[in-house]
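The values are calculated or read from the model by the stated rules, or taken from the named source; none is laboratory data. Please read all numbers here as calculations on a predicted model, not as lab measurements. Backbone-built Cβ (ideal geometry, glycine too); neighbour counts: all protein chains shown.
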Amino acid sequence: MTVHGAKGLEFPNVFLMRVNNKKFPATERPRVFEFPARLMKEGEPAEQFHIQEERRLFYVALTRAQERLTLTTLTEPKGKVPVFIEDIVMDPAVRRDVRQMTTKPAAVQQNPRARAGSAPANRNLFAACTGPAKIFSRIADWAETFHPPSPEPLTLSPSAVNGYRSCPQQYLFGYLWSLKEGPRAALSFGSIMHNAIKRFLGELRKGNRVPFEEVQRIFEMEWRSVGFEDEYQEEEFKKDGLEQLRAFHELTMAAPPQVCEQEKRFELPLENNVIIAGRMDQVNSLGLNDVEIVDYKTGRPKKESLAKKDLQLSLYALAAREVFEWNPVRLVFHYLQNNQVQVTKRDAKQLEEAQSIAQEVAADIRAGQFPPRPSPSVCRSCAYKPICPAHEEELGR
Ligand code: SF4
């Protein structure tokens, strides 16, 4: 939850993560344009307006706690104390009430391999420490060692398998710690578009060739404001969504597909007590047992070559064969942004490879292998970055 989102709310325990320079207080963004001073009712902002705003926000965050407030921070280069933390620990009036905790005992730090295999000595997330009074976060330390077992049979969705392969640590946070990401604009938008398309094609299946105005009405009924940063962003997404649906409607009405399944769920049992469970957006009949499996994408179109080896499509093809006894002759990524349709297929060897990958991932999960795999493209949008050990070490140097 953001501090802005917490305004007016209170909680028994509040954790304020990464109170560090450039995070909190955040770096001031360059102004897009200078607002004319004579149009400002309140006059020109005072000097250091940004830092004052950040201080006000920090005050809001501190005062959300009813019983206990925990701040985490990282030591800055050259041992500097972040400015907001300094305000707290240097003020004699509040200092006596502050308990400082260190979380990375030096002996453990020197031998990270020994630590990886053993449980932490103390599982209390914020246990007090007798070591020197420095301020660290214990969460990253815990993330490296607390690996709850996965339930058996091990059930994985295609996106979980993909997620583990791009970053095992991220998989741990999301699937085994069950830390849910907050709502995000792209996710909300994706869900709204999928629902609108599902309902439009559902009408078509019933023989109702609905005009675009009806699709627009469905889209507006499905719209939710959750996850958008502000009204401007929401309006931009809404405009884009409508344009995309208009183009999609035109394309679909010109050559309606023979939709036989929508959001078709499947459970594909594999060897070693592993189950692949998922949901196909749409299945179109191509005659007899032949089918086309369509996956709608609301993000930016990716290279066509990626669809040819995409694991999600391979697992869909495998499930189509093994679970439903269909012949998946066309596997389609349909990018709604430009209505680009990428068509691919899979041969027996590729289906074998997909099974092997799923088995390897399952074996690594059971073995408790959750190393962070930082990469700019994945970490950029990772909600767990503030508690990720990879980034803790990077910033703490
Ligand atoms: S921040 Fe990067 S390395 Fe850390 S969990 Fe997320 S994706 Fe993995």
Right, T103: in a loop (DSSP other than H, G, I, E, B) and modelled with pLDDT of 80 or more or not? no
Exactly one of these conditions fails for G182: (1) surrounded by fewer than 18 Cβ atoms within 10 Å (Cβ to Cβ); (2) part of a helix (DSSP H, G or I); (3) within 16 Å of the ligand (Cβ to nearest atom). Give me its number. (2)
Filter the helices (runs of 4 or more DSSP H) completely within region 200-310 down to those with at least 2 residues that are among the basic types (K, R) and either touching a His at 6+ places or on another chain (Cβ under 6 Å) or free of Cβ contacts under 8 Å to residues at least 24 places away in the same chain (or both). 231-254
Between a first residue in region 376-397 that is at pLDDT 80 or above and a second residue that is assigned to a loop (DSSP other than H, G, I, E, B) and near the ligand (Cβ under 8 Å from one of its atoms), which pairs have beta carbons less than 6 Å apart while being 6 or more apart in sequence or on different chains? V378/C167; C388/P372; P389/P372; A390/P372; A390/P374
Taking the condition of being touching a Lys or Arg at 6+ places or on another chain (Cβ under 8 Å) and within 16 Å of the ligand (Cβ to nearest atom), how many residues in region 324-382 meet it? 2
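So, E360, is that one free of Cβ contacts under 8 Å to residues at least 24 places away in the same chain, within 30 Å of P148 (Cα to Cα) and either outside any helix (DSSP H, G or I) or not β-branched (V, I, T) (or both) or not?
Values: free of Cβ contacts under 8 Å to residues at least 24 places away in the same chain: yes; within 30 Å of P148 (Cα to Cα): yes; either outside any helix (DSSP H, G or I) or not β-branched (V, I, T) (or both): yes.
Yes: the conditions hold for E360.
Residues to consider are A319, A307; find the one that is under 30 Å from R184 (Cβ atoms) and either assigned by TED's automatic domain parsing to the domain that holds I192 or touching a Leu at 6+ places or on another chain (Cβ under 6 Å) (or both). If you could, list the steps in order and put the result at the bottom.
Values: A307 fails: either assigned by TED's automatic domain parsing to the domain that holds I192 or touching a Leu at 6+ places or on another chain (Cβ under 6 Å) (or both).
Going through A319, A307 in turn, just one is under 30 Å from R184 (Cβ atoms) and either assigned by TED's automatic domain parsing to the domain that holds I192 or touching a Leu at 6+ places or on another chain (Cβ under 6 Å) (or both): A319.
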